[in-house]
Structures are given as C-alpha cells and as structure tokens.
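Note sheet for the following structure.
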Amino acid sequence: MSILATLRERFRPVLLSLVDSVDDLLEMIRPAQDARFGDYQANLAMPLAKQLRQSPQEVAQRIVDSLQVDDLCERPEVAGKGFINLRLRCDWLVARLEQAVRDERLGIPRVAAPRTIVVDYSSPNVAKAMHVGHIRSTVIGDAIYRTLQFVGHHVISDNHLGDWGTQFGMIIYGYKHFVAEPAYRAQPVRELGRLYKLVQQLIDYHAAVRELPERERQLGDQQAHVAAQRDAHQAHPQDKKLGKILRDAQQQVAETAAKCDELRGKIAAVEHDPQLAALAREHADIERAVLDQTARLHAGDLENLALWHEFLPLCKADMRRIYDRLGITFDHELGESFYHDRLAAVVQDLTARDLARTSDGAVCVFLPEYDTPMIIRKQDGAFLYATTDLATIQYRMEQWQPDEMLYVVDHRQGEHFGKLFATARLWGYDQVTLRHISFGTVLGEDGRPYRTRSGEVVGLEGLLDEAIRRAHAVVADNDDSKPGGPELSAEQRQEIAQTVGHAALKYADLSHNRTSDYVFSYDKMVALEGNTATYMQYSYARTQSIFQRGNVQVETLRTAGHRILLTQDAERDLALELVQFGDALDKSLEDYRPNVLTAYLFSLATKFSRFYQQCDVLRAESEAVRHSRLVLCDLTGRTIRQGLALLGIGVIDKM
Ligand code: ARG
C-alpha cells in the first residue's frame, strides 16, 4: 500500500469513532506543501470541529491522541488552527528503501483486488493518415494501460479501428474515378491518401458553395445588429449591459466573418485550379455518391468488398509502421467492421425491450438527461457509430466480463459517450464502470489547432521525423560540449536521437494535464532543462555515469546489504521522494492522469540533482556513506527507468 493510503487507513477508525461519514475527510490528508510542516498534513479538524462543536485544536488533539502511527511516523504535531502534521520516521524510510533495493518492483505491491479493465485507445479511422490528434489517444491510452498492468490489474487493450465508415466510401469512390494506377502500384497507401484528400476537398467545395450565401446573409444581419447596438451604446455609454451586448455582437460578427473566409478559401482552392474545377463540375453529386458507395459496401456489394479487402491490409500495415516506431502494441484490434453483423440484432433487442422506438423513420433511444435522442438506425436503414459502440460493449461484456471500460477519446466526443453509457446502463450493463477519458486539443504556437504552414493537419510520421532531427541537434550539442571532448560515435548519436526524439514527443503530451489543450513546441519538448523527457533521460544517464566512473558493480551493490544513512537534508528529501513512488502511481490512476506521474518523476529528478550537488558520492567521507549514496543513486535510476517505462518511454545509459 502507498504511504498516503496507509495513513488514511490509520485515520479511518479514529474518524469513524467521531462521525459516520469519513471518506471526504480522509481526502484531506495530503503530502505537505512545505517541508516545515512535516511530510504529510491532515486538515480535517476544521470541518469536523463544526460538526462536533469543539475547537479545531481540540478535535485535532483528540484525533492525535488515539491515532496509531508510531511505527511509521514521529509524534504527530497539532499546529495552527488544528492542522495535524506528520513526519515519517527515518528508520521507517530506511527500512522501506532497503526493501525496495531488494525488490524488482521497487517495493510497489500488486493491488489486493485486481480488476479487469478494457482500454479503448488510439482507434484511428483507417484510410486517412494518422495525424497529430491521434498522438494523444495513443500515448495517453498506452501509459494508462502500462500503469494499470504494473499495479496488477488485468488489462485488455483494444484498438477500435474506424475501418468501416464513410472514409472507405470515399477512397472507393476516389479509386473508381481518380486513381493513378502507376502511383497506386508504386506506393498504394500514399495514393489512397491522395484520393481520400481529393474526395474530401471536392465534398468540402460543394458544401462550401451551398453554405456560403446563407452565411453571408447571416453576416449582413449580424453587422446590422452591431451597428444598431453601437448606436444604443453611444447613446448610453455608461450602461454596462449595452456594452456587453455590443461586445458579444462584435464577437459573433468576427466568428461568422472567419467562417465565411474559410468557406471562400475552400471554394477558391478548387476554382483557381482548372483541373480541380473541372473535376468539381463533373462530380457535383459526390457527397451522395460517396454515401452510396459506403452503403453498397455495407450491403455486401462484391466489388466494393473486394476493394475493401485490398485496401484494409495496406492501410493497417502503414499504421503498424508508426505503432512500431512508437513501441505500441494492442491485445486486440477489433475494428468497426468486426461488429457489422451484430448491429441489426442490437437495434432489434433495444426495440424489443422498448428502449428504442421509431421517430421520423429513424430508430432512436430517448434519454431523459439529453435533449436529442441517440439514433441507432437512420431512416435509410444505415447503422451508426453509436450502434457499433453498443455492439462493442455487448461483445466485450460477453468475452471478457470487464469491471471497467475506458475510452481514451478526444473531448469533442463527450456527448456521444454520455449517451452511449446511459443507453448501455438502460440496456442492463449497469455493473460495469464506463468512462470517457477525454483529452484536449494539440495547438500550434498561434493557439489554433496544430497545422502545417500550408494549413494541413500534421501527419504523425513527419512529426516523429522532425522530433528526431531536433533531438539529434541537442544530443550532438551536449556531446560536443563535454569537457573531455565528444564521446559518442555518429551511430550512437543517431540511435540516442531516436530514443530521445520519440520520448520527447510522448512525454510532452503526457506531461500536460490531459483535459487541457496544449501548445505543441519542438524546442520545449527536446530541451535539456525543465520537465521534459530529455531531462529525465539525462538524469537517468547521470546515475549510470556515476557507476561507470566509480567502477561500481550495481548487481553487487544491490545484494551487499549496505545500510542507508540519511544524514543530510538532501539525502532525506531524496529518500522521501523515492518512497512516494507508490503514492504517485495511486494518484495517477485515481483519475487516469499520466501527468501526475511525469510531475512526480520531475520532482524526483530535481531532488536527485540537489542531492548530487550537495553530497559527494564517489568521494564520500567514508566507505559506509559512499555505499549508502550509491544505493540512493541506484534507486533513483531504477525509479526513473520504471516510471518512464510506465509512460512507454525508454532510457539510455549514456547521453
Ligand atoms: N475512430 C474514432 C475517431 O477517430 C474513435 C473511436 C473511439 N472509440 C470508440 N469505441 N468509439 O473519431
């Protein structure tokens, strides 16, 4: 059990002797913000005091009097307005660390009650190249998977590929009308990618032509509204409400104007290119035609099915290349197509149970908590994304009986999952915990979704290449500036740059709170300083270089039974951080936030750096201190390596 969990368990009986409900109170036991107040602090006497009609100090004292923590803490202190300060005993810290030295799991026990958890992540739509948006789901999902597995849960990863949707109708249509045979033979996936983009562009063009007049009319109305509001505001300049109305109206104008510009851009891109313009004229009905190709595929049309069987393995192999680079594997890759044959039965079953009914020709599930229903079959008979997701839940429950299913998908699908989970519960899947692990958008330095200069979404592969290029520069620079001259061969530099570059990209993503948007920056992510993978890898390499310089056999070091001596503050700080690895894992899994783990690792590396500056390791004052410090270096290195491994990131011995 982690320290925090242990402390909470010690407080529990004491609090239960005072009040009935204690879970919220237990949450108020936390690591101390300031070392002067000990290692952990409990702020629960204040709220309790109100309930018990006593002073917080009295309540805190009552708690401390019956709290049994002598084995791990020094005497608890009541401070200020009833804060309870707890400081771990040095001998306890040392015993913990010495146990970690001998244990390949660093003293982290497996959970007592393992759960079966399905993690649905990455799940790109096949047929389009993976782009920057996919990195978040892939990397966050992978980190959650690895961490859950490490603490002992039974975890099943499933890449719910979009391999059956409209995107296939698009490439089938593109292939039938626009394929360049030689290009397809030479580089099939690239040509399919081109076809996908071309079809998308033509669809967007026609949609823009249709939409623009309406938008322009809207813009005109909004501008007139602004003019009227401006007059009103000028007549009553003090009126705050009018000022706010004016600003909101101006904001609307700006948004609609931007939308009009975007539409005009799409139109111009086609019309300024005579070839594209001709294609657009010839394929005026392309949007409907693409849906028709998709419908035919779903209905089992032999030609389309054959094309699908031809395209899918090509697309998958292409994705596999990126996954291999990133070191990502899945237990299952059951894409949408896998569920096709189950969809009709899902709709039938929900209808038979009176959970779904026909409305305007579509079959819908009406949910009290939502204004709009969840549609599970369209008027034309087509099934939807939601239908497939229901079939998927059913299948996973039958196959694996999970206790929990996690969907690592971007926040824009929040409503879809809200409705999906509500429907699943009505359908009888109310024992399983269904959770949308949502995440924000990757932004460019301009604060808008990350794109290339030409406005295209950035492909994942190009991103990786660029990260490696930048990492190479940092590695070479660092090597060149070594006091004794460069130490790495060209191949070594290249190899290190690969590990560092991939790590940088993953870590940058993981170190941001998943629910916020974050700004993508190559420079920041490969920087040698700050909370970056490069810094973490550098810290690890530093621990290894100590052993190398001191000619230390780590295996012997671990088995020799050296005593750990915590004489300096910096040593104790490092020791405390090391034993808090378990706390960090618990907290990271509480709400599935890998950034809790990166923050922990960064803090550990910072403590290590201070320890290393203040305490001589190889030239320590005595053999005993030298051994103790070497053991601390080893534990630090192992904890960093283990922590990074849980994030899917590798280490290097030498940088
Ligand atoms: N393919 C979907 C997309 O790219 C994500 C799928 C997420 N998983 C799920 N079970 N719905 O938007």
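Odds and ends about this structure:
- 17 Å Cα-Cα reach of K316 towards lysines, excluding residues that sit fewer than 8 places from it in its own chain: K128
- Taking every alpha-carbon pair within segment 383-459, the share separated by more than 22 Å comes to 39 percent.
- Our Cα-only numbers for segment 568-650 put the radius of gyration and Dmax at 13.7, 45 Å.
- Scanning residues 5 or more positions from T433 or on other chains, those with amide H under 5 Å from its amide H are E404, M405, with H placed 1.01 Å from N in the peptide plane.
- On Cα atoms only, tilt of 286-298 relative to the major axis of the chain in degrees: 70
- Heavy-atom accessible surface of H472, to the nearest 10 Å², is about 60 Å², with a 1.4 Å probe and all protein chains retained.
- Value of Rg to Rh for segment 130-216 (Rh from inverse mean 1/r over Cα pairs, i.e. Kirkwood): 1.18
- For segment 515-573, the set of GluC sites (Glu not before Pro) satisfying both a DSSP loop assignment and a count of at most 11 other C-beta atoms within 10 Å is given as E529.
- Simple spin-label estimate for A186 and Q379 in nanometres, 7 Å along Cα-Cβ: 4.6
- Its Cα gyration tensor gives segment 127-285 an equivalent ellipsoid. The semi-axes, each the square root of 5 times an eigenvalue, are 43, 31, 10 Å from largest down.
- In this structure, S359 and K259 have a Cβ-Cβ separation that, at R0 = 35 Å, corresponds to a calculated FRET efficiency of about 0.70.
- The chain: angle of helix 343-352 to the longest principal axis, Cα-based, in degrees nearest 10: 90
- Fully extended contour minus Cα-Cα distance, from S521 to K176, at 0.36 nm per residue: 120.2 nm
- ³J(HN,Hα), Karplus 6.51/-1.76/1.60, whole Hz, each residue of segment 5-16, x for Gly, Pro: 4, 4, 4, 4, 5, 6, 6, 3, x, 5, 5, 5
- Each principal axis of the Cα atoms in segment 371-506 has its own extent, and those three values, largest first, are 69, 38, 24 angstrom.
- Here D34 and T6 are evaluated by their C-beta separation; at R0 = 30 Å the FRET efficiency comes out at 0.85.
- Stokes-Einstein translational diffusion, segment 421-489 - Kirkwood Rh over all Cα pairs, 0.692 mPa s, 37 °C, in µm²/s: 193
- Cα long-axis angle, helix 414-426 against the chain (0 to 90 degrees, to the nearest 10): 80
- Length added when fully stretched, E461-E623, from 0.36 nm per residue minus Cα-Cα: 53.2 nm
- Cα-centre dipole for segment 52-144 with unit charges at Cβ (Lys and Arg positive, Asp and Glu negative), debye to 20: 380
- Percentage relative contact order, the chain, counting C-alpha pairs under 8 Å, at least six apart: 15
- Across segment 31-84, Cα-Cα pairs farther apart than 18 Å form 30% of the total.
- Projected area averaged over orientations for segment 8-158, convex hull of C-alpha atoms, nm²: 13.2
- Share of pairwise Cα separations in segment 480-580, more than 18 Å, in percent: 66
- Here each label is just a point 7 Å from Cα along the line to Cβ, and for L291 and Q149 those points are 4.2 nm apart.
- Rotationally averaged projected area of the chain (alpha carbon convex hull; nm²): 38.8
- Debye intensity ratio I(q)/I(0), log10, segment 384-426, q values 0.18, 0.31, 0.32 Å⁻¹ (C-alpha model): -0.53, -1.29, -1.31
- What the phi angles of segment 170-183 give under the Karplus curve with 6.51, -1.76 and 1.60, with θ = phi - 60°, is a coupling list of 5, 6, 5, 4, x, 5, 5, 10, 10, 5, 9, 3, x, 5 Hz, glycine and proline written as x.
- In a fully extended conformation the segment linking K241 and N551 would gain 104.2 nm over its present Cα-Cα distance, using 0.36 nm per residue.
- Distant-in-sequence amide H partners of R451 (H built 1.01 Å from N, under 5 Å): G444
- Sequence of K482, K378, K607 when ordered by accessible area, the most exposed leading, probe 1.4 angstrom: K378, K607, K482
- Take the Cα of A95, step 7 Å toward its Cβ, do the same at A306, and the gap between the two points is 7.5 nm.
- At an R0 of 51 angstrom, the distance between the Cβ atoms of A344 and Q250 translates into a FRET efficiency of 0.50.
- Mean shadow area of segment 308-369, taken as a quarter of the surface of its Cα convex hull (nm²): 7.5
- Given charges at Cβ of Lys, Arg, Asp, Glu: segment 556-643 dipole, positive-most of P594, Y612, A560: A560
- Here, segment 306-413 has an Rg and a Dmax of 16.8, 48 Å when only alpha carbons are counted.
- Nearest-10 value in Å² for the accessible area of R610, using the 1.4 Å probe: 90
- Where only DSSP H runs of four or more residues are counted, the chain gives -19500 deg cm²/dmol as its mean residue ellipticity at 222 nm, each run worth -39500 (n - 2.57).
The values are calculated or read from the model by the stated rules, or taken from the named source; none is laboratory data. Keep in mind the model is a prediction, meaning the values are calculated, not measured. Note that each Cβ is placed from the backbone with ideal geometry, even for glycine, and that neighbours are counted across all protein chains shown. Side chains are part of the model used for accessible areas, which takes the heavy atoms of the whole protein and leaves out ligands, DNA and RNA. Shrake-Rupley method; radii C 1.70, N 1.55, O 1.52, S 1.80 Å.
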